[in-house]
Each structure stands twice: as C-alpha cells, then as structure tokens.
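Structure first, then comments.
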Amino acid sequence: MMIHTCVALRPCRPPLISSSKSTLQRPPNCKFSVRNCIRDPNNSQKLVMEVKEKLEKEYYDLPIGENGRDDEDMILWYLKDRRFSVEEAIAKLTKAIKWRQEFGVADLSEDTVKSIAKTGKAYVHDFLDVNDRPVLIVVASKHLPDSLLSWSQVHDPRDNEKLCVFLIEKALSKLPAGQEQILGIVDLRGFGTKNADLSYLTFLFDVFYYYYPKRLGDVLFVEAPFVFQPIWQLTKPLLKSYASMVKFCSTETVRKEHFTEETLPISFRD
C-alpha cells in the first residue's frame, strides 16, 4: 500500500467531494427518529419505494439490476447510511452507481488484476475473523511507488485502484448471513519512506466512505514503525470519520483478539 506525499490527480475518477452541503432532514415517513424506521420494516420499505420511484423518473439512464438504481437492498443500505433522508440517500446512491459504471467495477476479475495481485501487496484472507467478518489485508512493505520500480515492473497507474476495488468486492462477497462489515488489516512491519503513498491511502478510504459506506468495521494498523507517525498525522485529517476506526496494535493483539489458531493468517504466525 503506497503513501506518496505528492497527490496525483486521477482523470478517470469522478470528483469525490461536493462543494455544497446538504442539510439533514427528517424523512416524512419516519415520524420521530431513525430508530422508528429501523424498527418498522413498513416505514423502511416505503422509503425504499420512494427512492426507487424517484430514481426511475429522474435518473432513468442509470443501469438497473444488481447494484443498479432498482436494487432495493442497495437502496436500503444507503438510506441507513444517510439516516433515512431520501434526498441525501439519492445523492450519494446516484454518485456511487455512476462511479461503479465509469470505473468498470462489474468488469473486474481475478484475471484483470492478476499482474498487480502477484506483488502480494494486498489480498483477502481465506478465513473470517472471530467476529465472522471477511478480512482484507494490505502489506505496506510490498507497495512501492512507480518511481522506485524498473521499467519492466511499472504498472498502469490505475492497477492499484482496480486491485483495491476488486478485493473490497471479493471481501463483501464472503459476508456470512447477518454480517455487514469487513475487517481491514494494514501490516506495517518493514514499512519505510519508500513505501509512502498518501494518494493511494486516501483513495482507499475515499472508496469506503463514498461507495461502500459503513462496510468497513475496524482497521488495524499493525506494528507501525516510528517513521510512519508523521505520515499518519498528514493522512488522518483526510480520512474523515474512518480515522476513528483505526486501531494501532501489535501482532500479538491480532493473534489473540481477532483470530483462532486455525484461522490466523500465515504472515502473523511468526
């Protein structure tokens, strides 16, 4: 995972931050609180249908089907994320659907990311953690900026982003019934300034914030070296609410609190 102090613009990526601030409004069908909507499936379903109808009328050109404008599970997820505000849910949902289409999320596969995945810089663990969450692991020391690679090793600038999104999709596909979030582990053992890429770390958290809201449960930064501290101080303000999810811990904590002896990732067995 790279952390450059020079943030590169990605022309193929839509703008993530809107200059306008929307006001949180109480949904008309949710009389007292968000809790009412959560407890009453009828209220939630009414709001889902309201969003669905608005999308059909106002955003008819958006794709339909799974992860499309008529995907009721996806609509409900974004309503929960936006505290059941119909207008806010629509704004965030339409941005996510457009991004998925432009980024080509549906076209990502093991084959399309095979080359960059061979670096071992990130992968989805074969087993769930003790809380039944899929686990996405990033090995920071294996992530090098292109400027440090030979010509034959340089990848397309978007390959890292494609790998990131593919692995998020893969992790979410492993969610067991009743579980909604994944665990992220950033292995910082062996990390040095040569591995720094602020741009990529920001992309990773932006993707979760805007396009996979509330899908990331905890983020473990394991064995962070002293050299990582100033980089973290630069990065932390950019991570918005996700910064509070980051927990600095030791390999011992990973072993004892997050996995059983049988499910512990091989790299943490040493």
Selected residue (criterion: farthest from T94 (Cα to Cα)) from residues of segment 44-79 that are outside any helix (DSSP H, G or I) and of a type in the set (A, V, I, L, M): I64
Criterion: surrounded by 14 or more Cβ atoms within 10 Å (Cβ to Cβ) and touching a residue at least 12 places away in the same chain (Cβ under 8 Å) - qualifying residue of S241, S199, S250: S199
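Which ones in segment 49-71 are open to solvent by 60 Å² or more (accessible area, probe 1.4 Å) and in contact with a helix residue (DSSP H, G or I) (Cβ under 6 Å, 6 or more places away or on another chain)?
Y59, the sole residue that qualifies.
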Test: residue in segment 211-222 that is touching a residue at least 60 places away in the same chain (Cβ under 8 Å) and more than 27 Å from D81 (Cβ to Cβ): no
Hits in segment 76-94 - residues which are among the charged types (D, E, K, R) and closer than 16 Å to K214 by Cβ: K80, D81, R82, R83, E88, K92
Among (1) touching a strand residue (DSSP E or B) at 6+ places or on another chain (Cβ under 9 Å); (2) over 18 Å from D129 (Cα atoms), the one test that P225 misses: (1)
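Every residue, every condition in (1) open to solvent by 10 Å² or more (accessible area, probe 1.4 Å); (2) of a type outside the set (D, E, K, R); (3) in the same structural domain as S141 (by the TED database), yes or no:
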{"site": "L163", "(1), (2), (3)": "no, yes, yes"}
{"site": "Q179", "(1), (2), (3)": "yes, yes, yes"}
{"site": "R189", "(1), (2), (3)": "yes, no, yes"}
{"site": "Y211", "(1), (2), (3)": "yes, yes, yes"}
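The values are calculated or read from the model by the stated rules, or taken from the named source; none is laboratory data. Small disclaimer: the values here were computed from a predicted structure and weren't measured. Cβ sites come from the backbone with ideal geometry, for glycine too, and all protein chains shown count toward neighbours. Note: accessible area is taken over every heavy atom of the protein model, side chains too, but ligands, DNA and RNA are not part of it. Shrake-Rupley method; radii C 1.70, N 1.55, O 1.52, S 1.80 Å.
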